[in-house]
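K.L.:
Would you mind keeping the following structure in view while I ask a few things?
The values are calculated or read from the model by the stated rules, or taken from the named source; none is laboratory data. For clarity, every value in this text was computed on a predicted model and none was experimentally measured. All Cβ positions, even for glycine, are placed from backbone atoms using ideal geometry, and neighbour counts span all protein chains on display.
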Amino acid sequence: MPCRLPLIAASLAALLLTPATAAAADTLALEAPAVAVEETAVRIVARGEASPDRRLFVFTEPRASACAPTPAEQKLRPAATEHTYRYVTPPSYMDVVTPSFEDAGAQLVCAYLAVAPDELPVAIASRRITVRRPGVALSVKHRNRTLRLAGRSEIPRGAFVYVASRGKPCAPTAERMASRRGSRELLSRSVSDEFRQTLFLPPAGPRRLIACAYVSEAQDAAPDARRSLRLLRR
């Protein structure tokens, strides 16, 4: 039988000289819109590759200039909100959070891939989101014995319309206008996107009127849009 020792030795040498496959690198990337609208869900995606025993942390913080060095320090910030804290499944992972923001301004998203919250992360990523107020438009026109209301709102809101004897200007809020003596409510409904409605003026009452229209989160809230119209009943 021919000797196989030289062949075995050569195979072992080749195996020893072949480099081992490198472990997956720990990576983290964030996807988030540059601009968002108040009170509307924002889709934030954290994805990457990870070694075993890695945890993902995702925070948002208003008006922050930079993320804290570790997740534990970020969590201690009074204005920070934690959205994700979980182990990721190697080799690749993805996590989606959908927060909404109540106030306009800058929001900083901070994401960490770490072994423990109080240790320096193996990967960190951040994104800045500018939160703007929702777009709201409102118009009211008088035609014959009707009012023509039209507008739009990017988020759900309430629309309120009142008429009263001319003399005082429209009140600052719909609630205060509703409580004014002699005021009559013509409309109270929820609206979103584009809306139009025809309203009939009261058949009797003062000839000189003022119409007051509001779009706001609630009757007692500061309006996102307000319109007034002086009119003469025929």
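Every residue, every condition in (1) in the same structural domain as T89 (by TED's automatic domain parsing); (2) in contact with a Cys (Cβ under 7 Å, 6 or more places away or on another chain); (3) surrounded by fewer than 15 Cβ atoms within 10 Å (Cβ to Cβ), yes or no:
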| site | (1), (2), (3) |
| --- | --- |
| Y112 | yes, no, no |
| L147 | no, no, no |
| Y162 | no, yes, no |
| S165 | no, no, no |
| P169 | no, no, yes |
| R181 | no, no, yes |
| L186 | no, no, no |
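K.L.:
Looking at V88, V140, can you tell me which residue is assigned by TED's automatic domain parsing to the domain that holds L187 and buried (at least 18 other Cβ atoms within 10 Å of the Cβ)?
P.N.:
None of the other options fit; the residue is V140.
K.L.:
Then there's this: Go through (1) of a type in the set (V, I, T); (2) part of a strand (DSSP E or B); (3) over 15 Å from the mean Cα position of the chain (by Cα) and name the single condition T89 misses.
P.N.:
(2)
K.L.:
Residue pairs, Cβ under 6 Å, 6 or more apart or interchain, first in segment 137-160 and free of Cβ contacts under 8 Å to residues at least 24 places away in the same chain and farther than 19 Å from E185 by Cβ, second of a type in the set (V, I, T) and part of a strand (DSSP E or B). List them.
P.N.:
From segment 137-160, no pairs qualify.
K.L.:
Could you grab me the full set of residues in segment 170-182 that are at pLDDT below 95 and either in contact with a Ser or Thr (Cβ under 7 Å, 6 or more places away or on another chain) or among the small types (G, A, S) (or both)?
P.N.:
Residue satisfying the conditions is G182 alone.
K.L.:
Run down L201, L232 and say which single residue is farther than 30 Å from E102 by Cβ and either surrounded by 12 or more Cβ atoms within 10 Å (Cβ to Cβ) or in contact with a Gly (Cβ under 7 Å, 6 or more places away or on another chain) (or both).
P.N.:
It is L201.
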